[in-house]
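Have a look at the structure below, then the notes.
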DNA sequence: CGGGATCCAAAAGGATACTG
DNA sequence: CAGTATCCTTTTGGATCCCG
C-alpha cells in the first residue's frame with residue numbers, strides 16, 4: 001500500500017464503451033415501446049399506415065406516426081406516398097433494417113430460453129422483499 | 001371482391017408476436033439508460049457500488065441503486081454484502097447475464113457497421129425537413 | 001461505504017378532435 | 001386514408017439530504 005492505492009482496479013473502460021456505446025445508439029432508436037414491432041411488421045412486406053394501426057394492438061395514432069417518422073429518419077424504413085384519392089402510403093424496410101433481424105432474433109432466443117429463470121428470480125425477490 | 005374484402009391481408013401476427021414479445025420483455029429490463037453498462041461492467045468481475053458509480057460517468061446515485069435493484073430482481077446479478085465496517089457490497093453477474101453478452105455484442109456489431117449509413121440518412125432527412 | 005427517502009424536471013406515451 | 005395538433009397522464013431520470 002505505498003503510492004498505489006489511488007490506482008484502484010477500475011472498471012475496464014475500453015471494453016465497456018466499445019460495446020455499450022453502440023448499444024445505447026440502438027436502444028435510443030428501437031428501445032422504445034413500438035419500434036421493434038413496427039420493424040418486424042415492415043420487414044416482411046410493405047405495409048400501409050392503417051394496417052399497422054390495426055396490426056399493432058394498443059398503439060395510438062400519435063405514437064404510430066411518431067415512431068414511423070423516427071425510423072424513417074434513421075434510414076430503417078422508407079415512406080412511399082401514392083398520390084391517389086384517398087391517399088395511400090406504404091412503409092418499406094431498408095436493407096439495414098433487415099440486417100437488424102438477426103440480432104433481434106438472438107435477443108428473442110435469449111429471452112425465451114431464460115423466461116422461466118427470470119420469473120422465478122422475480123418471485124423469489126418479491127417474496128424476500130415482502131418479508132422485509 | 002366478393003365476400004373477401006374483410007379478409008385484408010393482415011400483418012402476420014404469429015411471426016411478429018413470437019419475436020416482438022420476448023424482445024419487449026428484454027427491453028423492459030435493459031432498454032433503460034444504464035442497465036447495459038452495468039451488466040457489461042459486472043460481467044467481467046465482481047464490482048463494488050462505488051466502483052460502478054465512478055466507472056459509469058453521469059449516473060446518479062439514485063439511478064445506480066434503482067437499476068441494480070431491478071437487475072438483481074430479474075436474476076441478472078447477485079448482491080453480496082460483506083458485514084465489515086465500513087460496509088462492502090459486491091455485485092456479480094449471473095450465468096444468464098453472461099449469456100446475454102453475445103446478443104448484445106451482435107447488436108453492437110450491427111450498430112458499428114451501419115453507423116455511417118444511419119448518420120447520412122439522418123442528415124438527409126433533416127435537410128429535407130428544413131427545406132419543408 | 002452503500003444506500004433510502006424525498007422532491008423536482010424532462011421525456012415518453014395516450015386520447016382525441018380536426019383536416020387535406 | 002393518413003396523418004397533424006393539442007392536451008393530458010405516466011414514467012424516467014436527476015439532485016440532494018440523510019442515515020447506519
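Read-outs: derived from the displayed coordinates by stated rules, not from any lab. All figures in this text were calculated on a predicted structure; none of them were measured in a lab. Methodologically, a virtual Cβ is constructed for each residue, glycine included, from the backbone with ideal geometry; neighbour enumeration extends over all protein chains shown.
For chain B, what does -39500 (n - 2.57) per DSSP helix run (n ≥ 4), summed and divided by total residues, give at 222 nm, in deg cm²/dmol to the nearest 500? About -20000 deg cm²/dmol. Placing a label point 7 Å from the Cα of residue B:66 along the Cα-to-Cβ direction, the distances to the matching points in the other copies come to 1.9 nm, shortest first. Note on B:76, B:104: ascending count of other Cβ atoms within 10 Å places them as B:104, B:76, the fewest first. Between residue B:53 and residue B:10, residue separation times 0.36 nm minus the direct Cα-Cα distance comes to 10.7 nm. Once the Cα atoms of helix B:13-30 and of chain B are each reduced to a long axis, what angle between those two axes, in degrees from 0 to 90 to the nearest 10, is obtained? That works out to roughly 30 degrees. The coefficient of translational diffusion for chain A, derived via Stokes-Einstein from the alpha carbon Kirkwood radius under 20 °C and 1.002 mPa s, stands at 117 µm²/s. Among chain B residues, the beta-carbon with the smallest distance to the axis carrying B onto A is reported, with distance in whole Å, as B:31, 2. Between the helical axis of B:35-44 and the longest alpha-carbon principal axis of chain B there is an angle of about 50 degrees.
Distance between the 7 Å Cα→Cβ label points at residue B:122 and residue A:89: 2.2 nm.
For chain B, calculate the relative contact order in percent as a whole number, restricting contacts to Cα pairs under 8 Å that are 6 or more residues apart.
Details: 84 pairs, mean separation 26.5, N = 132.
Relative contact order comes out at 20 percent.
The C-alpha radius of gyration of the protein assembly as shown, expressed as a fraction of 2.2 N^0.38 Å, stands at 1.19. Simple spin-label estimate for residue B:113 and residue B:33 gives 3.1 nm between the two label positions (7 Å along the Cα-to-Cβ direction from each Cα). Placing a label point 7 Å from Cα along the Cα-to-Cβ direction at residue A:13 gives distances to the equivalent points in the other copies of 5.1 nm, listed shortest first.
Sorted from nearest, the other copies put their residue B:117 label points 3.2 nm away, the label point being 7 Å from Cα in the direction of Cβ. Inter-label distance, residue B:17 to residue A:80: 2.9 nm, where each label sits 7 Å from its Cα along the C-beta direction.
How far is helix B:61-73 tilted, in degrees, relative to the longest principal axis of the Cα atoms in chain B, given as a value from 0 to 90 rounded to the nearest 10? It is inclined by approximately 80 degrees.
Rg over Rh for segment A:46-106 works out to 1.00, using Cα positions for both radii and the Kirkwood form for Rh.
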